[in-house]
Amino acid sequence: MKAWNIDDTLSKHPEPWGLRGVFSTLRVIEDREVPFCESYLHRLIESAKREAMPWIPEIQFIEQKLAHFLSEISPDHGLVRVCLFEELLGLSSRPAVSDGNPVEGWLLHHRRPDPVIKSTQDKDLYGSLAELEIEREDWVIIDPKDNDIRETATSNLIFASGEELVIPEKWVLNGIVLQKLLPFLEKRFAVTRAIPKDQDISSFDEIILCGTGRGVAPLTVLSELGWRSQGNAVFSEIRTHYEELLRSSSA
């Protein structure tokens with residue numbers, strides 16, 4: 001972990017959950033390459049502006065600190081979290097233990113205050129991930145009022161019935177991985193942008209998670225709604241395309 005004050009001096013990296021701030025998680029692949037880095041940092045800055053953070057550094061400052069941080073981490077791949085607090089930039093790394101792994105889902109009744117922002121203040125959501133085995137479990141967020149299934153704590157969701165896909169668009173964070181996949185998905189499948197209700201879940205054969213840490217991963221079971229995966233054909237195809245995108249981004 002490393003952190004820098006507004007005056008560029010080193011500081012202690014705080015526990016982020018509950019503090020005012022915004023964050024983004026980057027995937028670091030071999031040779032310390034960061035796919036789609038510009039997209040992630042642009043969203044981070046836009047989130048800071050939307051949150052009216054008192055200090056929003058130039059993107060070049062973040063890039064400089066990130067490059068320095070990446071040169072020091074070992075191994076040369078994994079995940080890096082970038083946090084912008086009120087007067088502090090924080091960077092931390094961890095292994096990508098959940099990449100592509102099958103996921104067991106657990107319902108979490110929660111509504112994020114501003115879904116388009118990844119806020120470190122949302123301790124109820126992100127802090128609760130410590131209760132799970134993150135490499136194989138995730139919170140599936142169900143709205144406490146509308147009973148719709150919007151996303152997970154870490155990922156966007158794709159609901160598949162044969163070659164028909166339902167992808168939530170409103171009231172969710174449109175993640176970078178999903179944005180990069182959408183041109184392929186809309187060309188290859190019949191895509192509807194909508195949010196399923198809890199009672200609709202039984203109509204889907206597959207539910208697929210898309211996020212930085214998980215990459216593209218299959219949901220295997222959501223026992224509280226009586227749902228279990230009926231195959232992995234759509235997941236396998238999307239995962240293959242995702243891996244091609246990673247390779248091309250670092251070419």
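Looking only at region 195-205, decide whether some residue is over 18 Å from VAL172 (Cα atoms), touching a Ser or Thr at 6+ places or on another chain (Cβ under 8 Å) and of a type in the set (D, E, K, R). Yes: one or more hits. Among the residues of region 209-251, those that are hydroxyl-bearing (Ser, Thr, Tyr) and within 16 Å of the chain's Cα centre (by Cα) comprise THR212, TYR242.
Return the residue satisfying two criteria in turn: it lies in region 145-171 and is of a type in the set (A, V, I, L, M) and within 18 Å of the chain's Cα centre (by Cα), and of such residues it is farthest from LEU185 (Cα to Cα). For region 145-171, the residue satisfying everything is ALA153.
The residues of region 107-166 that are in contact with a helix residue (DSSP H, G or I) (Cβ under 9 Å, 6 or more places away or on another chain), in a loop (DSSP other than H, G, I, E, B) and either among the β-branched types (Val, Ile, Thr) or surrounded by fewer than 16 Cβ atoms within 10 Å (Cβ to Cβ) (or both), listed by number, are ASP114, VAL116, ILE117, THR120, ASN147, THR154, GLY162, GLU163.
The set of residues in region 167-178 that are within 22 Å of GLU244 (Cα to Cα) and assigned to a loop (DSSP other than H, G, I, E, B) comprises ILE167, ASN174, GLY175. Only residues that are in a helix (DSSP H, G or I), closer than 15 Å to MET1 by Cα and in contact with a Phe, Trp or Tyr (Cβ under 9 Å, 6 or more places away or on another chain) were counted in region 30-84, giving 1. The condition of being open to solvent by 40 Å² or more (accessible area, probe 1.4 Å) and modelled with pLDDT under 95 does not hold for GLU63. Give me the residue from region 174-193 that is touching a strand residue (DSSP E or B) at 6+ places or on another chain (Cβ under 7 Å) and open to solvent by less than 40 Å² (accessible area, probe 1.4 Å) and, out of that set, modelled with the lowest pLDDT. Among those residues, the one meeting the criterion is GLY175.
For ALA194, the stated conditions do not hold, so it cannot be described as part of a strand (DSSP E or B) and more than 14 Å from LEU108 (Cβ to Cβ). Against the definition (under 16 Å from the mean Cα position of the chain (by Cα), hydrophobic (A, V, I, L, M, F, W, C), within 22 Å of PHE36 (Cα to Cα) and in a helix (DSSP H, G or I)), how does LEU181 come out, yes or no? Against the criterion (under 16 Å from the mean Cα position of the chain (by Cα), hydrophobic (A, V, I, L, M, F, W, C), within 22 Å of PHE36 (Cα to Cα) and in a helix (DSSP H, G or I)), LEU181 qualifies. All of (1) β-branched (Val, Ile, Thr); (2) within 25 Å of PHE61 (Cα to Cα); (3) at pLDDT below 95 hold for VAL82 with one exception: (3).
Just to be sure before I move on: is VAL221 modelled with pLDDT of 95 or more, surrounded by 14 or more Cβ atoms within 10 Å (Cβ to Cβ) and of a type in the set (A, V, I, L, M, F, W, C) in the structure I sent? Considered against the rule, which asks whether it is modelled with pLDDT of 95 or more, surrounded by 14 or more Cβ atoms within 10 Å (Cβ to Cβ) and of a type in the set (A, V, I, L, M, F, W, C), VAL221 comes out as yes. The residue list LEU79, LEU26, LEU70 contains one member that is among the hydrophobic types (A, V, I, L, M, F, W, C), in contact with a helix residue (DSSP H, G or I) (Cβ under 6 Å, 6 or more places away or on another chain) and closer than 22 Å to SER155 by Cβ, which is LEU26.
The values are calculated or read from the model by the stated rules, or taken from the named source; none is laboratory data. Predicted model, so just to flag it, every value in this text is computed and none were measured. In this analysis, Cβ positions are derived from the backbone assuming ideal geometry, glycine residues included, and neighbour counts consider all displayed protein chains. To get the accessible areas, we keep the full protein, side chains included, count just its heavy atoms, and leave off ligands, DNA and RNA. Shrake-Rupley method; radii C 1.70, N 1.55, O 1.52, S 1.80 Å.
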